[in-house]
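These notes are about the structure you will find just below.
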Amino acid sequence: MIKRSRIVGCGSYLPEKVVTNDDLARTIDTTHEWIVTRTGIHQRHVAAEGEKTSDLAINACRRALAHAEKKIEDIDFIICATTTPDQTFPATATTIQAALGMSHGFAFDIQAVCSGFVYALTVANNFITTGQARRGLVIGAETMSRLLDWEDRSTAILFGDGAGAVVLEAIDGNGTLEDQGILHTLLHSDGQLNEILHMTGGPGSTKCVGSMVMNGREVFRHAIEKLGGAIEEMLTHFNLTEDNIDWFIPHQANERIIDALAKRFTFAPEKVVKTISQHANTSAASIPLALDAVVQKGCLKKGELVLLDALGGGLTWGSALIRW
Ligand code: COA
């Protein structure tokens, strides 16, 4: 008998305000057609003035707790993956902790940009499977709109705001592929590649946020290579084939990246979860938002195999295999 962790509840939250491609085309030199053709994005949600990353996350957490039929007293820890914390410190996770009325346990943030949720899930899984904690909230929450230069058409079109959360809980397993819960996670990073996607500032260097620098073509190329590599590594680890995967939930950065991966691994379109057209790239929030979208529709069935796959600045990337 070994300890596993499984997702027992999901929740997500999107800010009310929707910004369409046509809205963007009114202020920058772009078109709806260009954005859809190159990225698959039709619209994105944008936080209202004063609406913070923690506000989105708190709503997502409340929904996840309700879905799991758990109270905050049942939770041992909160991990929030975010690139857009409310403040430089304290961690946004502690702000969320306070708002949820929790003063026991522990809470901290993880920064792995768009891979943040897979990193956070890995760390949370390790707390639970080593017996250090029984139940936790794992969050991906972002207000990427705050980082954007809305005049820069090469990046402003790509991102959106939102939050997703899951309740992760200990469960006994046999240590086999048939166990329910997180079966395996794998993480990678290559700091040599941080130049291709980074912010020019930060509290420890310029004392300000800075602006986003992205070599879109290079990020695109590495995304296909590394996300594909992570899938292959996961399949090989368990001696599985793509046919064994019931649901593929990738980071939502560009529909062409998702489609290229789906084609390479011959994932049928109905197995591939895509929310990019409505949410754009919500960084660490994209996978839990996409997961919640299918969970709330009742699509995921007990026993199905779910593969998460993410890549972000750093570069960081990783995947997780979950038996639902
Ligand atoms: N609207 C209209 N034209 C635009 C534009 C926009 N929003 N942004 C760029 N262009 C123009 C460029 O200036 C360029 O014009 P030129 O040929 O006259 O020089 C042309 O479109 C092609 O630009 P390019 O950057 O080569 O386009 P692309 O096909 O690579 O698509 C991205 C650009 C950003 C959509 C694409 O590279 C991408 O998605 N990369 C990955 C980004 C990503 O996922 N980042 C987050 C990772 S977590």
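Observations
- Test set (1) outside the structural domain of ILE287 (by TED's automatic domain parsing); (2) of a type in the set (Phe, Trp, Tyr); (3) without any contact (Cβ under 8 Å) to a residue 40 or more places away in the chain - PHE220 fails condition number: (1)
- Lone unmet requirement of (1) closer than 28 Å to ILE224 by Cα; (2) under 22 Å from the mean Cα position of the chain (by Cα) for TRP34: (2)
- Flag for ALA60 being in contact with a Phe, Trp or Tyr (Cβ under 6 Å, 6 or more places away or on another chain), within 16 Å of the ligand (Cβ to nearest atom) and in contact (Cβ under 8 Å) with a residue 60 or more places away in the chain: no
- Residue check for ILE35: outside the structural domain of SER283 (by TED's automatic domain parsing), open to solvent by less than 10 Å² (accessible area, probe 1.4 Å) and outside any helix (DSSP H, G or I): no
Conditions tested, residue by residue: (1) more than 16 Å from the chain's Cα centre (by Cα); (2) surrounded by fewer than 21 Cβ atoms within 10 Å (Cβ to Cβ).
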position: ALA48; (1), (2): yes, yes
position: THR53; (1), (2): no, no
position: HIS67; (1), (2): yes, yes
position: THR88; (1), (2): yes, yes
position: ALA107; (1), (2): yes, no
position: SER115; (1), (2): no, no
position: ALA120; (1), (2): no, no
position: THR130; (1), (2): yes, yes
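- Here is the figure for region 148-161: residues that are touching a Phe, Trp or Tyr at 6+ places or on another chain (Cβ under 7 Å) and open to solvent by less than 10 Å² (accessible area, probe 1.4 Å) total 1.
- Count of region 230-257 residues which are without any contact (Cβ under 8 Å) to a residue 40 or more places away in the chain and within 19 Å of the chain's Cα centre (by Cα): 2
- Number of positions in region 152-211 that are under 28 Å from GLY136 (Cβ atoms), among the hydroxyl-bearing types (Ser, Thr, Tyr) and more than 14 Å from the ligand (Cβ to nearest atom): 2
The values are calculated or read from the model by the stated rules, or taken from the named source; none is laboratory data. Treat the numbers as computed from the prediction; the structure is a model and nothing was measured. Ideal geometry is used to build each Cβ from the backbone, glycine not excepted, and the neighbour counts take in all protein chains shown. Only protein heavy atoms, including side chains, enter the accessible area calculation; ligands, DNA and RNA are left aside. Shrake-Rupley method; radii C 1.70, N 1.55, O 1.52, S 1.80 Å.
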